[in-house]
Amino acid sequence: MIIKKNIDDFAIFGGQPSFKEVLHVGRPNIGNKERLLQRISDVVDRGWLTNSGPCVEELEKGLQELLAVRHCDCMCNATDALQLAMRAMEMSGEVIVPAFTFIATAHAVQWLGFTPVFCDVDPLTHTIDPARVVELITPRTTGIVGVHLWGQPCNIEALEDIAKRHDLKLLFDAAHAFNCSWRGRMIGNFGGAEVFSFHATKFFNTFEGGALATNNEELAWRAQRMRNFGFVGMDRTDALGTNAKMSEASASMGLTNLESLPHFIETNRRNYIAYRRGFEGITGIRMLEYDSAEKRNYQYIVLEIDDSQTVLSRDAIRDIFWAENILARRYFYPGCHRMQPYASNLTNIPGHLPVTEKLAHSVLVLPTGTSVTVDQVEVICGILRLAAARGGDVARRLGAVRTAPRLAAQA
Ligand SMILES: *Cc1c(COP(=O)(O)O)cnc(C)c1O
């Protein structure tokens, strides 16, 4: 680890990178390896590899207890779980989704043959803006999919109210929000259902995986059947189904990681506090703050770089970090509405999504998780402080003073 004292030492100007090994966003949090291998060994000995085996059953029980929810059914991934949920809820036609989210939220809607209608987000929380949702409702609208981005709950109260008044189904993509709460109640309990992702890069992983949480018996029953081809007995299906089951190997990882959950949270929180201290008071740079009165997983360190106030653009800062082997990531760039197959659809007119447009060009996400130490965080913060303090010189040397990525991308 090399601490940079001068911009001449920056790797982008020919210096040694700060880190020998690349720091990634979303490196997996993995619990006790011996316990994982023991569980997988037991799975192999049992010869029961999938189809609601004992590990999946035990994991579902653990998740239900943790979230204090009646059903939390494990699935092969969150994208399939979203599709199952929407089908089980009988959505159709148009479904309102935020434009600032991972593309899977929109793809899940489109894959079912429905139309995702892109909605703008709140500039502070980055979650779907209820005031904009109302404007997008048409006679064809059947549902809303809110996304608890970065583990911050949507404005659940306003969305539940809209859904009720307009007779719409409400589903939450809670891919980021495992072990998070809203008003003291765990995410998993809201809307018609909520879907978690247990993908390798998420706070809590099962290699690949996800879960559908709900307190609605009928909905849970439908989703359980759908995930196993619609089977209700040995030789009988009673509806259309697919294959969205979680394997026992995945559940073994889930059970093991569940045991380390307090450690994951504490490590992320420690890094988050170090980042917050390290970035304090840099003009034009805001770090997303988590509500300390609620449960959070602190999995995302999110910077907003307002290039009307900084000399260096978000992309220039990213380039500086990359040269130092810090793989800071733009997120949800350039926005779902600008990605295919949606970009070709003229109804998704950019400019109607000013907050999404702005965030897609200002958000930068930094590495954290159990593979990142506080010492490393301090080095990362030091680089940005130095770059910001000498912004004019850095920009001149980069030959890119005040690049305007927004305009460049649209040109
Ligand atoms: C990761 C993610 C998904 C997809 O999850 P998978 O388990 O990989 O299918 C969906 N929505 C959001 C917001 C995500 O971040």
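Throughout, read-outs are computed from the coordinates displayed, never taken from laboratory work. Only a predicted model underlies this, so the values are computations on that prediction, with no experimental measurement involved. Positions of Cβ are generated from backbone atoms using ideal geometry, with glycine treated the same way; all protein chains shown enter the neighbour counts.
Things to note:
- Residue under evaluation A220, criteria (1) farther than 11 Å from A81 by Cβ; (2) outside any loop (DSSP other than H, G, I, E, B); (3) within 12 Å of the ligand (Cβ to nearest atom), criterion not met: (3)
- Test result for G151, on the phi > 0 side of the Ramachandran plot, out of contact with any Asp or Glu (no Cβ under 7 Å at 6 or more places or on another chain) and more than 16 Å from the ligand (Cβ to nearest atom): no
- Odd one out for S197, checked against (1) more than 16 Å from the ligand (Cβ to nearest atom); (2) in contact with a strand residue (DSSP E or B) (Cβ under 8 Å, 6 or more places away or on another chain); (3) not acidic (D, E): (1)
- Check on I187, under 17 Å from the mean Cα position of the chain (by Cα) and either charged (D, E, K, R) or away from the ligand (no atom under 11 Å from the Cβ) (or both): yes
- Hits in the range 60-89 - residues which are away from the ligand (no atom under 16 Å from the Cβ) and not in a helix (DSSP H, G or I): A68, V69, R70, H71, M89
- Qualifying residue in the range 259-278 (condition: more than 16 Å from the ligand (Cβ to nearest atom), farther than 30 Å from L124 by Cα and either touching a residue at least 40 places away in the same chain (Cβ under 8 Å) or among the aliphatic types (A, V, I, L, M) (or both)): yes
- The residue of the range 212-249 that is surrounded by the fewest Cβ atoms within 10 Å (Cβ to Cβ), among those that are of a type in the set (K, R) and farther than 30 Å from L37 by Cα, is R236.
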